[in-house]
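**Student:** Structure incoming, see below.
The numbers here are math on the coordinates, done by the rules we state, and not lab data. The structure presented is a predicted model; accordingly, all values stated were derived computationally and were not measured. Cβ atoms come from the backbone with ideal geometry, glycine included; neighbour counts cover every protein chain shown.
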Amino acid sequence: MGVVYEVVLVAHSFVRWWVLAACALTALRGFGGGRARGAWTPRDQGVARAFVGSVDLQVLLGMSLYFGVSPLARAARALWSRDGFMALWSEPGLRFVGVVHPLLALLAAAVAHAAWIAVRRSDGARERHARLAWGAALSALLLLAAVPWPFLGHERPWFRF
């Protein structure tokens, strides 16, 4: 494995925890602000931007792995192009890396961006908090489903060093 692959993989692995923490913080802040009828503050704006930015960074790292340096993703793409989607789907390890993981991550990013757009188009603070909270919570659920948890048979460590 190359040095670039190792660096990007380690970064992707560690940024995942930052993204999940950002999702949780954003959802809690949104639900708390909406419930307390708090005003929309510059700090709320910053938390929302950090949330979306962290998701974007994770997707950028993931796409770098998927389309660039990951031998597993390369094998999944090769199997798909050579033998078709059903051949890829019948291989559990490659199915996760080649289809499930990137699809869930892209859906989570789309939800994060849709929530951010909905927040910016909202007039009231309560509505902004609610939209941000629900977007962050749904993104978090999708990202949790996208994580290659070791106990699900994906043989991926919780932390890479």
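**Student:** P(r) tail for the chain, what percent of Cα pairs lie past 21 Å?
**Tutor:** Details: 6364 of 12880 pairs.
Summing the P(r) of the chain above 21 Å gives 49 percent of all pairs.
**Student:** Tell me the angle of helix 125-146 to the major Cα principal axis of the chain, expressed in degrees between 0 and 90 and rounded to the nearest ten.
**Tutor:** Between the helix axis and the principal axis of the chain, the angle is about 20 degrees.
**Student:** Also, I was wondering about something else. Any idea what the dipole of the chain comes to, in debye rounded to 20, about its Cα centre with Lys/Arg Cβ at +1 and Asp/Glu Cβ at -1? Walk me through the numbers on the way to the answer.
**Tutor:** Values: 17 positive and 8 negative charges, 105 e Å.
That gives the chain a dipole magnitude of about 500 debye.
**Student:** Need one number: nm distance between label points at residue 21 and residue 151, each 7 Å from Cα along Cα→Cβ, rounded to one decimal.
**Tutor:** 2.2 nm
**Student:** Something else about it: Grab the beta carbon distance between residue 141 and residue 39, set R0 = 30 Å, and tell me the FRET efficiency rounded to 0.05. Mind showing how you got there, number by number?
**Tutor:** Values: r = 28 Å, r/R0 = 0.93.
Efficiency computed from Cβ-Cβ geometry: 0.60.
**Student:** Further, regarding this structure: At 0.36 nm per residue, and after removing the present C-alpha to C-alpha distance, how many nm does the segment from residue 28 to residue 89 gain when stretched out fully? Don't skip to the end; give the middle numbers.
**Tutor:** Details: separation 61, 0.36 × 61 = 21.96 nm, distance 3.65 nm.
Full extension from residue 28 to residue 89 adds 18.3 nm.
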